[in-house]
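Encoded as structure tokens, the structure appears first; notes follow it.
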Amino acid sequence: MENWQVEGPLLWALIIGGVVLLVIYAALLWDISRSEVRHLPRWMWALIVLLITFPIGALAYLVVGRVPASESAGVGAGPDPDPPVAGRDAAAAAAATSAAAASGQVVVAPPIPAEPARAAPPPHPDEVPAVIATHGLTKRYAETLALDDVDLHVPRGTTYGLIGPNGAGKTTMLSILAGLRQPTAGELSLGVDRRRIAVLVDTPLFEPWLTAREVVDLARHLVAPNGDGASVERALVEVGLSDAADRRCGGFSRGMLQRLGLAACLVGEPEVLLLDEPSSALDPAGRREVLELIGRLARSTTVILSTHILADVQQVCDVVGVIDHGRLRYQGPIAELLARTSAAYSLHVRGDAAGLVVALQSAPWVRTVEELAPGRVRLVTDDAPLAEQALPRLVADHGLALVSCNPATDLETAFLELTR
């Protein structure tokens, strides 16, 4: 006998419905027995017809429309706990089907699932809609041209590194993006409300008698007056200052002040965050804390990071814009910039490397070479395969022991090539 799949809520509905029908039937029979049938009102006749047809329809549905459990689960006692996959399991399934056919059994082979589709590569930054874009942006201070015809494209959801030497125009660019200065010429297009853009200056200062919580709460009143105290606590937790929330910020270190400034920016939940030299004056521990925080912020906020510390940009940024003397020399993914940069190598030898440096300076495949420290040499070459073959031989010819030879192509090398 086939098992019906009548269980769970449907089973309880049938039981309760049956009990209710029995009660109603009993009440009707009691009422009919006390009166003559021909004097029953019309609504009672309609109810009697409904109560008679409903159980008949329900019974017909269960008899005709039932689904045996064996059909719903396929051949066997239940679903296969280890479904076959393409490759090995497919071959095993085919072998089992052939053996069953030879023995005269009828076997329904389980379907072989298709291989999962490969994930599409991430779009190029140029294909992502810009949250901030400029066209021909120019800024002049008297005789000084701070920005010269800059076309900036900041993709939404990225961490954009704006790099350049001191005086290149980075701070001027951020001031224009924040609305603090007006360009001399050109256009600025914003994909967000300007009130959703937050700015952190390079040296944030606060009244020393205020506590960290009071500073962030004051910022909340200025940028998000409809918020509540929970947003203040979330911002303090995000920057790691919850334990120091009731301390006066006059005794904070530079790293703690930077994090407090970030908390004051984050309390308004900005869509774009502009950071001007956020780690330039920090010690190694504070710099690492700020960079880790920027990396976490990049998950939900578009970050534009302006700095001359290239290692920081290479650590946390996806896209880079190289600006020099007010002009944008390069804009795009860091990986593409490094790929088109001449190869650099860092050598560590044991012995006096002065003769080796002189020999490398005269080699036609070497662009630049310098001795950074005793026994440590850094060189840039236009022919990486030839350099990798010739370097060990040159080191041996000068009676030196080669300790290591590592690729050293980094953002600094690429920046120097663009701005030399």
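Worth a mention:
- Count of residues meeting criterion [more than 22 Å from THR302 (Cα to Cα) and over 26 Å from the mean Cα position of the chain (by Cα)] in segment 218-255: 18
- Residue in segment 289-301 that is surrounded by the fewest Cβ atoms within 10 Å (Cβ to Cβ), counting only those that are in contact with a helix residue (DSSP H, G or I) (Cβ under 9 Å, 6 or more places away or on another chain) and either free of Cβ contacts under 8 Å to residues at least 12 places away in the same chain or hydrophobic (A, V, I, L, M, F, W, C) (or both): GLU292
- Filter result for LEU260 (assigned to a helix (DSSP H, G or I), modelled with pLDDT of 85 or more and over 27 Å from ALA408 (Cα atoms)): yes
- If you go through segment 207-234 and keep only what is assigned to a loop (DSSP other than H, G, I, E, B), out of contact with any Asp or Glu (no Cβ under 9 Å at 6 or more places or on another chain) and buried (at least 16 other Cβ atoms within 10 Å of the Cβ), you end up with just LEU210.
- Under the condition of being of a type outside the set (D, E, K, R) and open to solvent by 40 Å² or more (accessible area, probe 1.4 Å), the residues counted in segment 150-165 number 3.
- Members of segment 311-343 that are closer than 27 Å to LEU386 by Cβ and not in a strand (DSSP E or B): GLN314, ILE334, ALA335, GLU336, LEU337, LEU338, ALA339, ARG340, THR341, SER342
- Residue in segment 384-394 that is outside any helix (DSSP H, G or I), more than 30 Å from THR184 (Cβ to Cβ) and modelled with pLDDT of 90 or more present: no
- Segment 166-187: number of residues that are within 23 Å of SER279 (Cα to Cα), open to solvent by 20 Å² or more (accessible area, probe 1.4 Å) and more than 29 Å from the chain's Cα centre (by Cα): 3
- Across segment 326-375, the number of residues qualifying as open to solvent by 20 Å² or more (accessible area, probe 1.4 Å) and on the phi > 0 side of the Ramachandran plot comes to 1.
- Selection within segment 395-411 - surrounded by fewer than 17 Cβ atoms within 10 Å (Cβ to Cβ) and not in a loop (DSSP other than H, G, I, E, B): ALA396, ASP397, ALA401, LEU402, VAL403, SER404, ASN406, PRO407
- Test: ARG378 is closer than 30 Å to THR134 by Cα, among the charged types (D, E, K, R) and part of a strand (DSSP E or B): no
- Identity of the residue in segment 302-325, under 15 Å from the mean Cα position of the chain (by Cα) and open to solvent by less than 10 Å² (accessible area, probe 1.4 Å), that ends up nearest to GLU417 (Cα to Cα): VAL319
The values are calculated or read from the model by the stated rules, or taken from the named source; none is laboratory data. Small disclaimer: the values here were computed from a predicted structure and weren't measured. With ideal geometry, Cβ positions are generated from the backbone for all residues, glycine too; neighbour counts draw on all protein chains shown. Side chains are part of the model used for accessible areas, which takes the heavy atoms of the whole protein and leaves out ligands, DNA and RNA. Shrake-Rupley method; radii C 1.70, N 1.55, O 1.52, S 1.80 Å.
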